[in-house]
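J.: Please see the structure below; I have some questions.
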Amino acid sequence: MPPIADNEIERILVVTAHPDDVDFGASGTVAHWTDAGIKVSYCICTNGDQGGEDFSVAREEMPAIRQAEQRAAGAEVGVEDIHFLNYRDGWLSPTFELRRDIVRVIRQVRPDRMLIQSPERNWNRIQASHPDHLAAGEAAIQAVYPDARNAFAWPELLSDEGLAPWTVREVWITASSAADHWVDVTDTFPRKIQALKRHLSQTGHMENMEEMVRSWGALNAELGGLPIGRVAESFKIVPTA
(Lines give C-alpha, C1' and ligand atoms only; values in the text may rest on other atoms or scores of the structure.)
Protein backbone atom coordinates (compact mmCIF):
# COMPACT_ATOMS: atom_id res chain seq x y z
CA MET A 1 0.00 0.00 0.00
CA PRO A 2 1.44 3.45 -0.92
CA PRO A 3 1.98 5.96 1.87
CA ILE A 4 -0.34 8.85 2.58
CA ALA A 5 0.62 11.80 0.40
CA ASP A 6 2.88 14.28 2.17
CA ASN A 7 0.46 17.12 1.40
CA GLU A 8 -2.05 15.37 3.68
CA ILE A 9 0.46 15.21 6.57
CA GLU A 10 0.86 18.12 9.00
CA ARG A 11 2.93 16.59 11.83
CA ILE A 12 5.37 13.68 12.11
CA LEU A 13 6.92 12.13 15.23
CA VAL A 14 10.16 10.16 15.00
CA VAL A 15 10.88 7.72 17.86
CA THR A 16 14.36 6.20 18.15
CA ALA A 17 16.47 4.56 20.83
CA HIS A 18 19.58 6.76 20.67
CA PRO A 19 20.73 10.19 19.61
CA ASP A 20 22.08 9.79 16.03
CA ASP A 21 19.78 6.85 15.09
CA VAL A 22 17.45 9.05 13.07
CA ASP A 23 20.36 10.70 11.30
CA PHE A 24 21.89 7.41 10.18
CA GLY A 25 18.53 5.97 9.17
CA ALA A 26 16.25 8.70 7.93
CA SER A 27 17.47 12.30 8.16
CA GLY A 28 17.52 12.70 4.38
CA THR A 29 13.81 11.91 4.36
CA VAL A 30 13.23 14.16 7.38
CA ALA A 31 14.81 17.03 5.43
CA HIS A 32 12.37 16.41 2.58
CA TRP A 33 9.48 16.58 5.03
CA THR A 34 10.55 19.79 6.74
CA ASP A 35 11.26 21.38 3.34
CA ALA A 36 7.63 20.58 2.46
CA GLY A 37 6.44 22.47 5.55
CA ILE A 38 5.69 19.41 7.70
CA LYS A 39 6.40 19.83 11.43
CA VAL A 40 8.75 17.02 12.53
CA SER A 41 9.43 16.19 16.18
CA TYR A 42 11.89 13.69 17.66
CA CYS A 43 11.50 11.44 20.72
CA ILE A 44 14.81 9.91 21.82
CA CYS A 45 14.37 7.08 24.33
CA THR A 46 17.83 6.67 25.91
CA ASN A 47 20.44 9.09 27.22
CA GLY A 48 23.15 7.62 24.96
CA ASP A 49 25.68 7.25 27.76
CA GLN A 50 27.18 4.04 26.33
CA GLY A 51 28.12 5.75 23.08
CA GLY A 52 31.39 7.20 21.89
CA GLU A 53 34.99 6.11 21.56
CA ASP A 54 36.70 8.68 23.81
CA PHE A 55 37.70 7.10 27.13
CA SER A 56 38.67 10.52 28.47
CA VAL A 57 35.00 11.57 28.59
CA ALA A 58 33.29 10.66 31.85
CA ARG A 59 30.18 8.58 31.29
CA GLU A 60 28.08 10.95 33.37
CA GLU A 61 28.97 13.75 30.95
CA MET A 62 27.91 11.85 27.84
CA PRO A 63 24.11 12.36 28.03
CA ALA A 64 24.45 16.16 27.95
CA ILE A 65 26.98 15.92 25.10
CA ARG A 66 24.74 13.69 23.05
CA GLN A 67 21.63 15.78 23.63
CA ALA A 68 23.49 18.88 22.44
CA GLU A 69 24.72 16.96 19.39
CA GLN A 70 21.20 15.78 18.56
CA ARG A 71 19.82 19.30 18.81
CA ALA A 72 22.53 20.54 16.45
CA ALA A 73 21.90 17.63 14.07
CA GLY A 74 18.17 18.28 14.13
CA ALA A 75 18.76 21.90 13.17
CA GLU A 76 20.60 20.74 10.04
CA VAL A 77 17.40 19.11 8.75
CA GLY A 78 14.84 21.54 10.13
CA VAL A 79 13.89 19.87 13.44
CA GLU A 80 13.73 21.86 16.67
CA ASP A 81 11.18 19.97 18.80
CA ILE A 82 13.11 17.15 20.48
CA HIS A 83 11.90 15.12 23.49
CA PHE A 84 14.49 13.16 25.51
CA LEU A 85 13.12 10.34 27.69
CA ASN A 86 16.54 9.65 29.28
CA TYR A 87 16.27 5.90 29.76
CA ARG A 88 19.59 4.16 30.43
CA ASP A 89 21.52 3.38 27.26
CA GLY A 90 21.90 -0.34 26.61
CA TRP A 91 19.17 -1.28 29.07
CA LEU A 92 16.07 -0.36 27.08
CA SER A 93 13.11 -2.74 27.21
CA PRO A 94 9.57 -2.34 25.86
CA THR A 95 8.15 -1.83 29.35
CA PHE A 96 4.77 -0.39 30.29
CA GLU A 97 6.61 2.69 31.55
CA LEU A 98 8.35 3.26 28.20
CA ARG A 99 5.05 2.77 26.37
CA ARG A 100 3.39 5.33 28.64
CA ASP A 101 6.17 7.86 28.07
CA ILE A 102 5.93 7.47 24.30
CA VAL A 103 2.14 7.75 24.49
CA ARG A 104 2.60 11.01 26.37
CA VAL A 105 4.72 12.42 23.55
CA ILE A 106 2.31 11.14 20.89
CA ARG A 107 -0.58 12.91 22.60
CA GLN A 108 1.50 16.08 22.97
CA VAL A 109 2.67 16.14 19.35
CA ARG A 110 -0.48 14.61 17.77
CA PRO A 111 1.32 13.29 14.68
CA ASP A 112 -0.37 12.12 11.50
CA ARG A 113 2.62 9.89 10.72
CA MET A 114 5.27 8.30 12.89
CA LEU A 115 8.70 6.99 11.97
CA ILE A 116 10.02 4.25 14.24
CA GLN A 117 12.72 1.60 14.32
CA SER A 118 11.96 -1.98 13.40
CA PRO A 119 10.95 -4.19 16.32
CA GLU A 120 12.03 -7.20 14.24
CA ARG A 121 15.65 -8.27 13.97
CA ASN A 122 17.13 -7.79 10.51
CA TRP A 123 19.39 -10.80 9.96
CA ASN A 124 20.77 -9.25 6.78
CA ARG A 125 22.02 -6.19 8.65
CA ILE A 126 22.57 -7.07 12.30
CA GLN A 127 24.13 -3.68 13.12
CA ALA A 128 20.69 -2.13 12.59
CA SER A 129 19.17 -4.48 15.17
CA HIS A 130 20.76 -3.19 18.37
CA PRO A 131 18.64 -4.46 21.29
CA ASP A 132 17.72 -0.88 22.19
CA HIS A 133 16.49 -0.32 18.63
CA LEU A 134 14.27 -3.39 18.83
CA ALA A 135 12.91 -2.29 22.20
CA ALA A 136 12.22 1.25 21.03
CA GLY A 137 10.44 -0.07 17.95
CA GLU A 138 8.31 -2.51 19.93
CA ALA A 139 7.34 0.07 22.55
CA ALA A 140 6.58 2.66 19.87
CA ILE A 141 4.27 0.44 17.82
CA GLN A 142 2.45 -0.62 20.99
CA ALA A 143 2.11 3.05 21.91
CA VAL A 144 0.59 3.73 18.48
CA TYR A 145 -1.75 0.76 18.76
CA PRO A 146 -3.55 0.32 21.02
CA ASP A 147 -2.39 2.78 23.67
CA ALA A 148 -2.34 6.35 22.34
CA ARG A 149 -5.89 6.18 20.97
CA ASN A 150 -7.35 4.50 24.06
CA ALA A 151 -8.69 6.86 26.73
CA PHE A 152 -8.54 4.05 29.28
CA ALA A 153 -4.81 3.42 28.75
CA TRP A 154 -3.04 5.51 31.40
CA PRO A 155 -6.16 7.57 32.17
CA GLU A 156 -3.98 9.87 34.28
CA LEU A 157 -2.50 11.28 31.08
CA LEU A 158 -5.97 12.60 30.34
CA SER A 159 -7.17 13.43 33.85
CA ASP A 160 -3.92 14.89 35.23
CA GLU A 161 -2.15 16.21 32.12
CA GLY A 162 -5.06 16.95 29.79
CA LEU A 163 -3.62 14.75 27.02
CA ALA A 164 -6.52 13.46 24.96
CA PRO A 165 -6.34 10.21 22.98
CA TRP A 166 -4.80 10.45 19.52
CA THR A 167 -4.84 8.09 16.53
CA VAL A 168 -1.73 7.98 14.34
CA ARG A 169 -2.72 7.41 10.72
CA GLU A 170 0.47 5.76 9.46
CA VAL A 171 3.84 4.39 10.65
CA TRP A 172 7.07 4.25 8.67
CA ILE A 173 9.56 1.63 9.91
CA THR A 174 13.30 1.98 9.35
CA ALA A 175 15.85 -0.85 9.08
CA SER A 176 13.14 -3.32 8.09
CA SER A 177 14.01 -6.41 6.09
CA ALA A 178 10.51 -6.06 4.58
CA ALA A 179 10.99 -2.54 3.18
CA ASP A 180 8.41 -1.60 0.56
CA HIS A 181 9.02 2.14 0.08
CA TRP A 182 12.15 4.05 -0.88
CA VAL A 183 12.74 7.81 -0.71
CA ASP A 184 15.28 9.36 -3.07
CA VAL A 185 17.43 11.53 -0.78
CA THR A 186 20.15 12.42 -3.27
CA ASP A 187 19.32 16.13 -3.02
CA THR A 188 19.22 16.17 0.79
CA PHE A 189 22.15 13.81 1.28
CA PRO A 190 24.63 16.66 2.01
CA ARG A 191 22.40 17.77 4.90
CA LYS A 192 22.20 14.20 6.16
CA ILE A 193 26.00 14.10 6.27
CA GLN A 194 26.15 17.47 8.04
CA ALA A 195 23.69 16.16 10.62
CA LEU A 196 25.82 13.06 11.17
CA LYS A 197 28.93 15.18 11.58
CA ARG A 198 27.18 17.05 14.38
CA HIS A 199 27.32 13.77 16.36
CA LEU A 200 31.02 14.31 16.85
CA SER A 201 31.30 11.96 19.83
CA GLN A 202 29.94 9.13 17.66
CA THR A 203 31.27 9.87 14.19
CA GLY A 204 34.45 11.88 14.74
CA HIS A 205 36.57 8.72 14.71
CA MET A 206 35.00 7.27 11.55
CA GLU A 207 37.20 7.32 8.50
CA ASN A 208 35.34 7.67 5.21
CA MET A 209 31.98 8.04 6.96
CA GLU A 210 30.41 9.83 4.02
CA GLU A 211 31.48 7.11 1.59
CA MET A 212 30.12 4.41 3.92
CA VAL A 213 26.75 6.10 4.32
CA ARG A 214 26.57 6.83 0.60
CA SER A 215 27.19 3.14 -0.16
CA TRP A 216 24.24 2.20 2.07
CA GLY A 217 22.09 4.74 0.28
CA ALA A 218 23.20 3.50 -3.13
CA LEU A 219 22.19 -0.05 -2.18
CA ASN A 220 18.79 1.21 -1.02
CA ALA A 221 18.38 3.06 -4.31
CA GLU A 222 19.18 -0.10 -6.26
CA LEU A 223 16.67 -2.12 -4.26
CA GLY A 224 14.10 0.61 -4.84
CA GLY A 225 14.66 0.61 -8.59
CA LEU A 226 16.16 4.10 -8.73
CA PRO A 227 18.75 5.09 -11.35
CA ILE A 228 22.45 4.46 -10.76
CA GLY A 229 24.03 7.36 -8.91
CA ARG A 230 21.05 8.05 -6.67
CA VAL A 231 20.92 7.44 -2.91
CA ALA A 232 17.82 6.45 -0.96
CA GLU A 233 16.43 5.59 2.46
CA SER A 234 14.11 2.60 2.87
CA PHE A 235 10.98 2.03 4.93
CA LYS A 236 8.16 -0.39 5.64
CA ILE A 237 4.82 1.45 5.52
CA VAL A 238 2.12 0.38 8.00
CA PRO A 239 -1.38 1.93 7.94
CA THR A 240 -2.51 2.38 11.55
CA ALA A 241 -5.69 4.51 11.49
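J.: For F152, indicate whether it is surrounded by fewer than 23 Cβ atoms within 10 Å (Cβ to Cβ) and within 17 Å of W33 (Cα to Cα). Step through it out loud before you land on a result.
T.: Numbers: surrounded by fewer than 23 Cβ atoms within 10 Å (Cβ to Cβ): yes; within 17 Å of W33 (Cα to Cα): no.
Judged against the criteria, F152 is not a match.
J.: Does T174 satisfy the criteria of being touching a Ser or Thr at 6+ places or on another chain (Cβ under 8 Å), farther than 22 Å from T46 by Cα and touching a residue at least 24 places away in the same chain (Cβ under 8 Å)? Even if it seems obvious, please write down each step before you answer.
T.: Details: touching a Ser or Thr at 6+ places or on another chain (Cβ under 8 Å): yes; farther than 22 Å from T46 by Cα: no; touching a residue at least 24 places away in the same chain (Cβ under 8 Å): yes.
Spelling it out, it is not the case that T174 is touching a Ser or Thr at 6+ places or on another chain (Cβ under 8 Å), farther than 22 Å from T46 by Cα and touching a residue at least 24 places away in the same chain (Cβ under 8 Å).
J.: Take I38 and decide whether it is surrounded by fewer than 24 Cβ atoms within 10 Å (Cβ to Cβ) and over 13 Å from V79 (Cα atoms).
T.: Details: surrounded by fewer than 24 Cβ atoms within 10 Å (Cβ to Cβ): yes; over 13 Å from V79 (Cα atoms): no.
Criteria not met by I38.
J.: Taking P119 as the residue in question, decide whether it is surrounded by 19 or more Cβ atoms within 10 Å (Cβ to Cβ), at pLDDT 95 or above, in contact with a Lys or Arg (Cβ under 6 Å, 6 or more places away or on another chain) and more than 17 Å from F24 (Cβ to Cβ). Full working, then the answer.
T.: Details: surrounded by 19 or more Cβ atoms within 10 Å (Cβ to Cβ): yes; at pLDDT 95 or above: yes; in contact with a Lys or Arg (Cβ under 6 Å, 6 or more places away or on another chain): no; more than 17 Å from F24 (Cβ to Cβ): yes.
It is false that P119 is surrounded by 19 or more Cβ atoms within 10 Å (Cβ to Cβ), at pLDDT 95 or above, in contact with a Lys or Arg (Cβ under 6 Å, 6 or more places away or on another chain) and more than 17 Å from F24 (Cβ to Cβ).
J.: Only residues that are surrounded by 19 or more Cβ atoms within 10 Å (Cβ to Cβ) and under 19 Å from the mean Cα position of the chain (by Cα): list them for region 204-221, please. Even if it seems obvious, please write down each step before you answer.
T.: Just the residues of region 204-221 that are surrounded by 19 or more Cβ atoms within 10 Å (Cβ to Cβ), to begin with: 213, 217, 220-221.
The answer is V213, G217, N220.
J.: List pairs: first in region 194-218 and touching a residue at least 12 places away in the same chain (Cβ under 8 Å) and over 12 Å from A73 (Cβ atoms), second among the hydrophobic types (A, V, I, L, M, F, W, C) and surrounded by fewer than 15 Cβ atoms within 10 Å (Cβ to Cβ), Cβ under 9 Å, 6+ apart or cross-chain?
T.: Correct list of pairs: A218/I228.
Residue-wise test of (1) of a type in the set (K, R); (2) modelled with pLDDT under 95; (3) within 17 Å of I106 (Cα to Cα); (4) touching a Gly at 6+ places or on another chain (Cβ under 7 Å).
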{"position": "D6", "(1), (2), (3), (4)": "no, no, no, no"}
{"position": "E10", "(1), (2), (3), (4)": "no, no, yes, no"}
{"position": "V14", "(1), (2), (3), (4)": "no, no, yes, no"}
{"position": "I38", "(1), (2), (3), (4)": "no, no, yes, no"}
{"position": "E53", "(1), (2), (3), (4)": "no, yes, no, no"}
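J.: Tell me which residues, restricted to region 69-86, are on the phi > 0 side of the Ramachandran plot and among the small types (G, A, S). Can you show your working first?
T.: Of region 69-86, the ones on the phi > 0 side of the Ramachandran plot are 78, 86.
G78, the sole residue that qualifies.
J.: Now a separate question. Quick check on region 29-52: of everything there that is among the aliphatic types (A, V, I, L, M) and in contact with a Ser or Thr (Cβ under 9 Å, 6 or more places away or on another chain), which residue is farthest from R11 (Cα to Cα)? Before you say what the answer is, go through the steps one by one.
T.: Kept after step one, since they are among the aliphatic types (A, V, I, L, M), are these residues of region 29-52: 30-31, 36, 38, 40, 44.
Filter again for in contact with a Ser or Thr (Cβ under 9 Å, 6 or more places away or on another chain), leaving 30-31, 40, 44.
Numbers: V30: 11, A31: 14, V40: 6, I44: 17 Å.
Of everything passing the filter in region 29-52, I44 is farthest from R11 (Cα to Cα).
J.: Testing A140 on (1) closer than 22 Å to T29 by Cβ; (2) surrounded by fewer than 20 Cβ atoms within 10 Å (Cβ to Cβ); (3) touching a helix residue (DSSP H, G or I) at 6+ places or on another chain (Cβ under 7 Å), one condition comes back false. Which one is that?
T.: It fails just one condition, (2).
J.: Go through (1) acidic (D, E); (2) under 20 Å from P94 (Cα atoms); (3) in contact with a Leu (Cβ under 7 Å, 6 or more places away or on another chain) one by one and return the number of the condition D147 breaks.
T.: (3)
J.: Against the condition at positive phi and surrounded by 24 or more Cβ atoms within 10 Å (Cβ to Cβ), how does G48 come out, does it pass?
T.: Numbers: at positive phi: yes; surrounded by 24 or more Cβ atoms within 10 Å (Cβ to Cβ): yes.
Against the criterion (at positive phi and surrounded by 24 or more Cβ atoms within 10 Å (Cβ to Cβ)), G48 qualifies.
J.: Return the residues of region 135-164 that are without any contact (Cβ under 8 Å) to a residue 40 or more places away in the chain and more than 26 Å from I9 (Cβ to Cβ); say none if nothing qualifies.
T.: F152, P155, E156, S159, D160
J.: Just give me the residues in region 29-56 being within 13 Å of L115 (Cα to Cα) and either acidic (D, E) or under 12 Å from the mean Cα position of the chain (by Cα) (or both), in sequence order.
T.: T29, V30, V40, S41, Y42, C43, I44
J.: Another question, then. Residue by residue through region 51-100, note down the ones that are of a type in the set (V, I, T) and either closer than 25 Å to E138 by Cα or surrounded by fewer than 20 Cβ atoms within 10 Å (Cβ to Cβ) (or both). Step through it out loud before you land on a result.
T.: Quick first cut of region 51-100, residues of a type in the set (V, I, T) only: 57, 65, 77, 79, 82, 95.
Listed by number, the residues that qualify are V57, V79, I82, T95.
The values are calculated or read from the model by the stated rules, or taken from the named source; none is laboratory data. If you're wondering where the values come from, they're calculated on a predicted model, not measured in any experiment. Positions of Cβ are generated from backbone atoms using ideal geometry, with glycine treated the same way; all protein chains shown enter the neighbour counts.
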